[in-house]
Amino acid sequence: MQKKFPLQLLAAVVGAALLAGCGDAETTIVEQDPIDVPDDGHDHGDDDHATGAGRLAVLSAGGDQALVFDLHDDSLLDSFSLSYPASAIAASPGLRYAVLVSRNDDHVGFLDGGVWQEDHGDHLHPYAQAPALSDYSRTATRPTHTDVGDDQLAIFYDGNAELGLPASVEVITDHDIANETAHPAAIHYSMAMHGVAKPRGEYVLATVRRADAESTSNAKVLPDQVGVYHLHGDDYELDVVLDEVCPDLHGAAQNHDNVVFGCRDGVLVATETATGYSASKISNIAALNGARIGTIFGNEESASFIGVANGDEQVHLVSIAPHENAMSAFDWQPAAGRTPVAYSFANDGSQFLVLDDHAVLTVLSAHAHGDHVHWEEAGTLQLNDGDLGAMPEGGKFALTVAQDGHYAYVADPIAQHVLKIDLETVAVVGDIELETVPAGITWLGIAEDHDDHAH
Amino acid sequence: MYQVTRIAAALSLLFPTSVLAQSIEGVVQDSTGKPIAHASVKVKGTGSEAVTDKDGRFVLRDLTVGERELHISATGYAHLFHDVTVVDKTAQQVTLTLSYSPIEVIDVVASPVHMSTMESASPVTVLAGDTLRRQQASTLGDTLEKVTGVHTNFHGGVASTPIIRGLGGPRVMIAQNGLDVGDVSRVGPDHSVATEASTSQQIEVLRGPATLFYGSGAIGGVVNVVDSRVPTDTVTRGEWLLEGNSADERKLGSFNFTTGTDNVGLYLDGYWRETDDYEVPVAPDVHEPLSSERTVANTAEESNGFTIGTSYLFDRGYVGIAVEQFNREYGIPGHTHGGDDGHDHAEEEQVYADLDQTRVQILSEINVDSQWISTINARAALTDYEHAEIEAGLVGTTFENETQELRLDVMHQPFAGWSGGLSFQYKASDVTAQGSEAFTPPSEARTYAMALMEEKHLGDFLVQLGGRVERVTLDADAVLLPPLEVHSHDAGTAHSAHGDGVIRVFDVSQEFTPVSVSAGVVWDFTPGYNIGLSLSRSERAPSASELLSFGPHIGTGTYEVGALFDVHEHDGHFDFGLTERTIDLETANNIDLTFRKTQGDVGFVFNAFYNQVDNYYYQVNTGLYAEAGHDHDHGDAHDHDHASELPVYLFRTDDVVLHGFEAQVAWQATRDVKATFFSDYVRARLQDGGDLPRTPPLRFGTQLSYEAQAISAHLDVIRYQEQDKVAATETSTDGYTMVDASVAYNFTFLDQSMAVYLKGQNLTDTEARVHTSFLKDIAPRAGRSFAIGLRGYF
């Protein structure tokens, strides 16, 4: 036995070599979906290279199915069954993924639209692949609001007061989704709240709920303060609480300089300064007729915000101009008896779209008068003149805008189709038939570059 | 010099004086009977080692009973093997006589079988001590270029890698303490090696196939940079150096320091170097001989780095960890690209690379000394490498490499005269490149390997055997084949059609099982002489860049297309698609013959080798040209002149034969004066006719050295012959003679051994273009330069 020792080892090695098929080489090549190259593949400087390459993600009524269409030829690329029925669909900051929020299942999933670009130093390299459900998901108690800013997505988890589960915020990027980052930067609260968080690079402006005795909110689940959170290591830490209170805070929007929060008595404006954030308050105006602002829209390209107050009878729109510290009635108001169901800025902020419960889309265009912006109706479209009472269960009118051109898409659950609208001519220019009732849509793809540093 | 007594004292701590009664005591002396201090006496196949004191005495304790072989080594002497029989409960007395050797003999560290210039079947060179300090340069290739059989691929002094017997790139493995250096220097000649000579202790060069020890990547040889970052003793010692050089205004400072307490060792090293663009004796660009330019643009460099290590020492070995941070910012000379021809050099933009690497190594040796296993040697490394190539302030391309490696050498107890062990290795590297020159897609390579190496003395014969089997996988899930517009420059040939507007994407996974076997014998046919013969068959898995590349590689000035692809022509159009050839292993069949004289006033080593490499991966010129795709928004990018194009090179395989010789003769004329002569030559040709590019020319040279107590002086004269055995696309390169000299004054100050030295390089200020360099036409070697420096040991 002893004598054989080295020989046995040698035999083992040789045996292994023979078993392994001495000197073997095996190559497996699987061709994947090709990437469309819009031009000759060398001119990375052109701006229009992504036009028409977008995708449309459609969420079905009931939230158990998601469809992805190629907007190049309006063809259905794939449909996906969702294990967690989604209550909302939104686009990721980089517009690559559809974010599928399943509030009741404490789950946020991601659907890869398949179109994105990668920074290759001197150019952005476009990719177009088959859509796919990502393995990545986030789970925490009651994800509700998702907010995009600075290439980041903030997911606000409301928590559950009854079960004693606190609220939290997670901030992720498309990169995190692609890399399946296990522990994204987060804010951990000590109690539940129906709050909101606005990501701003290494800062997050997020709501702060105080103890009920101190809170100025009537509905105590709504926070009444805003905290400036700063990234320290892996998590965000509270730097400072803004000194203005915002009772019954709900709704927020941001642009380059400001973050505006809706309060019972007005709006709280946080303004970015060289050293942090300063706060001011703009009171509600009489035109609101006692209603409060609960939803706010903003756009990076627009200095002013549009606030929405749902009154008992009437929806009121206001214009909020933080740089003038002023609120004024918006230039356009919904007609009596009409309730807007969806709003959106167009991709460059020059237009604002309102879709109401009568399937009328109103396109408003901004006109500058000196420092002041004035909004005018550019046109309206009656998108469905049938019986609007025949709304299928779970169906919703939904609106999304393309980020690579002046187009909007409106999902009509009654007619079961998505209409493509040219925002320059305010005309329906396309129609995508659906085999399912839509409840939400979102545009995915490569955004047009609005910056002036185009190559 | 190191303080012998303190080392001995420290070693005696390692070997407690108690327990077993078997021991060997003895004296090591030279042939005149004079005791030799600081000689190492090792019991082969075990961890036992002793160092002689000033009277040449040593004691080896705690020995197990049986046949044992002692290996005795000392600086300036030939190594000696001596058989002893350890008898139960006796203390034996031996007298060991070493013969003088004019050729320095240093062992390769941490090898399962003995490797040294004079003793092993396959050829080895170790650069250490003052020789290393004298020859160290900013880059690894330049540091080793005076080693017989090794040339540099000189890349403007900022990046260079060794060419061993005509092979370089992915065929020469570069290791740090036996573990892969983990950079991307094997991918392009403009990529610097992430290791530093000025803080290293010795650099080992294994010439010829060394896949047995280091795996697939070592088919052409290995360079292992060794330092003591994980200290194996706690003797306080250190070394420091300050140097300035005139040719490139180089300023270098470096140190290494080892200390410790009872059983905790500490190590620290660091270096800092800054250079300007270097001066040359002629206009650097051969195409502009009338230019008054006398510096090579974009060759400045700034590097710094440090290493901190610690170890825990115990009776039976050590375990330690070291962390290194390596930073280098270096110019990328010759980084011209399409469309820039009109620029004169004065406005040439700054192109440089910014390299960062963090390396963590865990090294350990445990002398188990059980019935079966004598020693277990474990090494692990984690490296995180990144370099960004920056042009005009913007990041052009970023290369990253994350490597994890684990090696385990299990040495068995000598058995029936055989000593050796099993070696296991795991290595994983994830390499990505992003940017305009990201010519290779992201890939993951995994290697699992097992090797067995054994040796035995049979009378006058030393037999060394080894075998290794590996599993190498290479996965790349997004190999891109973009539509490439190519054309030939032949009149009347149409440009190829635009692609069909899509980039084809492939998910490629490859699995290779390279197997290497080697057998060698060294025959001491008469005292003082030996003959070595080594036969090996080694296989190599092709690298990611050889297989998967598709894109412009500015470092080589070519548009590179990997062996996975091929070009098809129809109706005057050229299309790229997948190759129909089989992707196979590269196989080297190598014969090495060595004849040595190991003792006496004259020593020599002659090597001859014949290496037949089947399926040799190399680039062939397709005769086609492609747009560089590298416009920089100059506004005039699309003028479609030929200046903005790169020739398309395709990786192919062919059978190749390399043969040549190395010769080294050393003559100790007097006690202080020594003359060394050397020569090397390699002929690298395709079996079906034709020569390989960038093959080193015939070289011969001499070194005269005078080493007295206080003064030492060296004169090196090396002649590089013309190289006219060139590949089809190459030009021949003129020969030249390099004359270097150095003089050092040694003294003792503040209880330290110090030396102040003056070095002169290229004293005749000759134009020297390096045939093995990609930049030979635009970056000759530096002109006459002088360096002054001060170094100390304590």
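Only one entry in A:Ile296, A:Ile320 is free of Cβ contacts under 8 Å to residues at least 60 places away in the same chain and either over 19 Å from the mean Cα position of the chain (by Cα) or assigned to a strand (DSSP E or B) (or both), namely A:Ile296. Given the criteria hydrophobic (A, V, I, L, M, F, W, C) and outside any strand (DSSP E or B), does A:Ala279 qualify? Spelling it out, it is not the case that A:Ala279 is hydrophobic (A, V, I, L, M, F, W, C) and outside any strand (DSSP E or B).
As for region B:616-624, it holds no residue that is surrounded by 22 or more Cβ atoms within 10 Å (Cβ to Cβ), at pLDDT 90 or above and closer than 19 Å to B:Ile531 by Cβ.
Being among the acidic types (Asp, Glu), in contact with a Ser or Thr (Cβ under 6 Å, 6 or more places away or on another chain), assigned by TED's automatic domain parsing to the domain that holds B:Glu243 and crowded, with 18+ Cβ neighbours inside 10 Å narrows it down to one residue among B:Asp724, B:Asp680, B:Asp716, B:Asp740; which is it?
After applying the criteria, what remains is B:Asp680.
Sub-7 Å Cβ pairs linking a first residue in region B:94-115 that is under 16 Å from B:Ile376 (Cα atoms) to a second residue that is among the polar types (S, T, N, Q) and at pLDDT 70 or above, at least 6 apart or interchain, are B:Ala110/B:Asn377; B:Pro112/B:Ser423; B:Val113/B:Gln464, ordered by first then second residue. Within region B:460-474, not a single residue is surrounded by fewer than 21 Cβ atoms within 10 Å (Cβ to Cβ), modelled with pLDDT under 90, assigned by TED's automatic domain parsing to the domain that holds B:Leu775 and closer than 30 Å to B:Glu580 by Cβ. Screening B:Val94 against (1) modelled with pLDDT of 80 or more; (2) part of a loop (DSSP other than H, G, I, E, B) leaves a single unmet condition, (2).
Are there any strands (runs of 3 or more DSSP E) wholly within region A:204-272 with 2 or more residues that are in contact (Cβ under 8 Å) with a residue 40 or more places away in the chain and within 29 Å of A:Ser302 (Cβ to Cβ), and if so which? Break it down stepwise before answering.
Numbers: elements: A:225-232, A:235-241, A:252-254, A:258-263, A:266-272.
The qualifying strands (runs of 3 or more DSSP E) are A:225-232, A:252-254, A:258-263, A:266-272.
Go through region B:571-595 residue by residue and tally those that are modelled with pLDDT of 90 or more and more than 14 Å from chain A (Cβ to nearest Cβ). Looking only at that region, the number is 6. Which count do you get for residues in region A:232-270 that are more than 13 Å from A:Pro322 (Cα to Cα) and of a type in the set (A, V, I, L, M, F, W, C)? Residues flagged as more than 13 Å from A:Pro322 (Cα to Cα) and of a type in the set (A, V, I, L, M, F, W, C) within region A:232-270 amount to 9.
Being under 24 Å from the mean Cα position of the chain (by Cα) and surrounded by 16 or more Cβ atoms within 10 Å (Cβ to Cβ) is the requirement here; does B:Ser549 meet it?
Numbers: under 24 Å from the mean Cα position of the chain (by Cα): no; surrounded by 16 or more Cβ atoms within 10 Å (Cβ to Cβ): yes.
So B:Ser549 fails the test.
Would you check if B:Gly396 is more than 30 Å from B:Leu481 (Cα to Cα), in the same structural domain as B:Ser549 (by TED's automatic domain parsing), in a strand (DSSP E or B) and modelled with pLDDT under 90? No: the conditions fail for B:Gly396.
Taking the numbered list (1) among the charged types (D, E, K, R); (2) surrounded by fewer than 23 Cβ atoms within 10 Å (Cβ to Cβ); (3) assigned to a loop (DSSP other than H, G, I, E, B) in turn, B:Arg134 passes all entries but (3). Give region B:418-453 a look and list any residue that's closer than 30 Å to B:Gly396 by Cβ, of a type in the set (Ser, Thr, Tyr) and either at the interface with another protein chain (Cβ under 10 Å from one of its Cβ atoms) or surrounded by 23 or more Cβ atoms within 10 Å (Cβ to Cβ) (or both), or say none. Answer for region B:418-453, where residues must be closer than 30 Å to B:Gly396 by Cβ, of a type in the set (Ser, Thr, Tyr) and either at the interface with another protein chain (Cβ under 10 Å from one of its Cβ atoms) or surrounded by 23 or more Cβ atoms within 10 Å (Cβ to Cβ) (or both): B:Ser436, B:Thr440, B:Ser443. B:Val522 meets each of the listed conditions (1) surrounded by 24 or more Cβ atoms within 10 Å (Cβ to Cβ); (2) hydrophobic (A, V, I, L, M, F, W, C); (3) within 14 Å of another protein chain (Cβ to nearest Cβ) apart from (3). Would you confirm whether or not region A:225-243 contains a residue that is farther than 26 Å from A:Gly201 by Cα and hydroxyl-bearing (Ser, Thr, Tyr)? No: region A:225-243 contains no residue that is farther than 26 Å from A:Gly201 by Cα and hydroxyl-bearing (Ser, Thr, Tyr).
Do we find that A:Val240 is in contact with a helix residue (DSSP H, G or I) (Cβ under 7 Å, 6 or more places away or on another chain) and hydrophobic (A, V, I, L, M, F, W, C) in this structure?
Numbers: in contact with a helix residue (DSSP H, G or I) (Cβ under 7 Å, 6 or more places away or on another chain): no; hydrophobic (A, V, I, L, M, F, W, C): yes.
The answer is no for A:Val240.
When A:Ser83 is tested against (1) part of a strand (DSSP E or B); (2) away from chain B (no Cβ under 14 Å), just one condition goes unmet, and that condition is (1). Across region B:546-563, the number of residues qualifying as assigned to a strand (DSSP E or B) and away from chain A (no Cβ under 14 Å) comes to 4.
Quick test for you: out of B:Ser543, B:Ser534, B:Ser509, pick the one residue that is within 14 Å of chain A (Cβ to nearest Cβ) and within 30 Å of B:Val124 (Cα to Cα). Explain how you work it out, then say what you get.
Working: B:Ser534 fails: within 14 Å of chain A (Cβ to nearest Cβ); B:Ser509 fails: within 30 Å of B:Val124 (Cα to Cα).
None of the others qualify; the one that does is B:Ser543.
Residue pairs whose Cβ atoms lie under 6 Å apart, sitting 6 or more positions apart in sequence or on different chains, and linking a residue in region B:394-416 that is within 12 Å of another protein chain (Cβ to nearest Cβ) and under 27 Å from B:Lys427 (Cα atoms) to a partner that is surrounded by fewer than 19 Cβ atoms within 10 Å (Cβ to Cβ) and acidic (Asp, Glu), do not occur here. Picking from residues in region A:138-161 that are modelled with pLDDT under 90 and assigned to a loop (DSSP other than H, G, I, E, B), the one that is surrounded by the most Cβ atoms within 10 Å (Cβ to Cβ) is A:Asp150. Residue count for region A:324-337 under the criterion of being within 17 Å of A:Asp312 (Cβ to Cβ) and within 26 Å of the chain's Cα centre (by Cα): the result is 2.
The sole residue among A:Asp112, A:Asp135, A:Asp174 that is surrounded by 22 or more Cβ atoms within 10 Å (Cβ to Cβ) and of a type in the set (D, E, K, R) is A:Asp112.
Among the criteria (1) surrounded by fewer than 21 Cβ atoms within 10 Å (Cβ to Cβ); (2) in contact (Cβ under 8 Å) with a residue 40 or more places away in the chain; (3) outside any strand (DSSP E or B), the one B:Pro483 does not fulfil is (2). Considering (1) surrounded by fewer than 16 Cβ atoms within 10 Å (Cβ to Cβ); (2) polar (S, T, N, Q); (3) in contact (Cβ under 8 Å) with a residue 12 or more places away in the chain, the lone condition that B:Ser48 does not fulfil carries the number (1).
Of all residue pairs spaced 6 or more apart or on separate chains, none has beta-carbon atoms under 7 Å together with a first member in region B:363-385 that is without any contact (Cβ under 8 Å) to a residue 24 or more places away in the chain and a second member that is crowded, with 20+ Cβ neighbours inside 10 Å and of a type in the set (Lys, Arg).
The values are calculated or read from the model by the stated rules, or taken from the named source; none is laboratory data. In this text, all values refer to a predicted model and were calculated from it rather than measured experimentally. Cβ: placed from backbone, ideal geometry, glycine included. Neighbour counts: every protein chain shown.
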